[in-house]
1. Report, to the nearest 10°, how far helix 304-325 tilts away from the longest principal axis of the Cα atoms in the chain, using its own Cα long axis and a range of 0 to 90°.
2. Between Ala316 and Arg235, what is 0.36 nm times their sequence separation minus the Cα-Cα distance? Round to one decimal in nm.
3. Mind giving me the nanometre distance, one decimal, between the label points for Ser222 and Arg55, set 7 Å out from Cα along Cα→Cβ?
4. Choose one answer from Gln221, Gln284, Gln56: the residue with the largest mean-square fluctuation in a GNM of the chain with alpha-carbon springs under 10 Å.
5. Can you pull out the trypsin sites (Lys or Arg not before Pro) in segment 30-139 whose DSSP state is coil and whose Cβ has at most 11 other Cβ atoms within 10 Å?
6. For Lys74, list the aspartates and glutamates whose Cα falls under 16 Å from its own Cα; do not include residues on the same chain fewer than 8 positions away.
7. As a test, work out the antiparallel percent of DSSP beta bridges whose residues both lie in the chain, rounded to the nearest 5.
8. Restricting to Cα pairs below 8 Å that are 6+ residues apart, what does the relative contact order work out to for the chain? Please round to a whole percent.
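No value in this document is a laboratory result; all are computed from the given coordinates. Bear in mind the structure is a predicted one, so any value in this text is a computation, not a measurement. A quick note on method: Cβ atoms are made from the backbone with ideal geometry, for glycine too, and the neighbour counts reach across all protein chains shown.
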Amino acid sequence: MNGAAAMQRRSLLRCAAAMPLVAGTAAWAGSDWPAKPITYVVPFPTGGATDILARQIGQKLGPALGTTIVVDNKPGAAGSIGTAAASRMPGDGYTLVGGTISTHAINVSLYQNIGYDPVKSFVPIVLTGTSPVVLVVRQDSPFRSVGDVIAAARARPGAVSGASSGIGSSQHMALELLGHMTGTKFNHVPYRGSAPALTDVMGGQVDMVFDTPVVASPHIQSGKLRALAVSTATRLSSLPDVPTVAEAGVPGFEVTSWHGVFAPAGTPPPLVARLHDEILKILQSPDMQERLRGLGMSSPPTTAEQFAAFQKAEVAKWAAVIRSAGIQAE
């Protein structure tokens with residue numbers, strides 16, 4: 001075979017290899033999807049942030065796609081029950097799931113068997129909202145800085161207590177990350193939600209807590225709590241005088257609680273692209289931006305690929321923290 005013929009053959013082989021992908025993409029792009037309602041699985045009870053986001057997005061996504069979005073709450077096991085159920089659905093564009101830092105990053109390392117792989121079982125579509133946490137102590141606490149907290153924890157390992165809204169929550173993980181990065185150990189005190197945790201911090205039963213600014217700010221403004229640091233890489237506009245944990249002496253510390261939309265593995269790329277674009281439009285609309293601010297969230301515009309890379313990094317990050325702290329939920 002001469003050189004020209006060989007080049008022509010290689011060109012034909014490349015075209016032939018690409019044809020199934022192109023044909024599949026064209027078929028889905030020209031299909032009648034969606035031809036029926038789309039189920040949006042929320043693996044938490046009604047009324048929480050994941051549920052609110054799903055219903056707000058669903059109200060606009062349905063008309064944009066020419067169908068109905070049915071929100072299906074399947075709570076239990078820190079979100080694992082509903083997420084596992086969604087992972088078993090076909091990847092045909094008719095199932096979405098509201099994922100969080102817990103369901104799609106933390107739970108896989110925290111629990112023995114959650115019934116799904118947070119990366120392999122799903123296709124990331126779009127990051128819907130992020131929120132920081134702020135480290136607070138009671139107003140008359142002897143701790144006036146993150147440095148004070150770390151010094152006390154080093155002097156008396158396990159004596160400094162930190163509350164959270166539950167094992168595996170972003171509040172809990174922030175506490176464990178602080179210990180992991182500073183070589184200290186805190187006494188974790190889990191509660192059933194933020195309200196009782198904050199009450200006991202204000203009452204002096206527990207030394208401190210990481211909580212969201214939207215929950216903690218009213219108590220900071222009233223003088224019942226003192227903010228020591230925020231968990232983001234940069235300071236918050238709502239708390240401009242409060243340093244980041246990194247600025248306060250722990251370089252590289254960053255914790256962001258997050259929410260996103262996923263679909264079961266195998267969902268065709270054209271459908272993922274369409275869902276991403278439509279949901280991103282909804283998230284960037286003025287009324288949705290206002291709603292997100294009310295929830296203490298922001299919604300940085302990301303591509304599906306950026307969201308996928310972020311999620312994988314989060315899985316690895318929290319696996320290391322959980323392994324170092326020896327945490328395991330029953």
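1. Tilt relative to the chain: about 40 degrees.
2. 26.6 nm
3. In this crude label model, Ser222 to Arg55 measures out at 2.6 nm.
4. Answer for the Gaussian network model of the chain: Gln221.
5. Details: sites: Arg55, Lys60, Arg88, Lys120, Arg138; in loops: Arg88, Lys120.
When the trypsin sites (Lys or Arg not before Pro) of segment 30-139 are filtered for loop state and at most 11 Cβ neighbours within 10 Å, Arg88, Lys120 remain.
6. Hits, sequence-local ones excluded: Asp51.
7. On the way: 23 of 38 bridges.
Percent antiparallel among DSSP bridges in the chain is about 60.
8. Taking the mean separation of contacting Cα pairs over the length of the chain, I get 25 percent.
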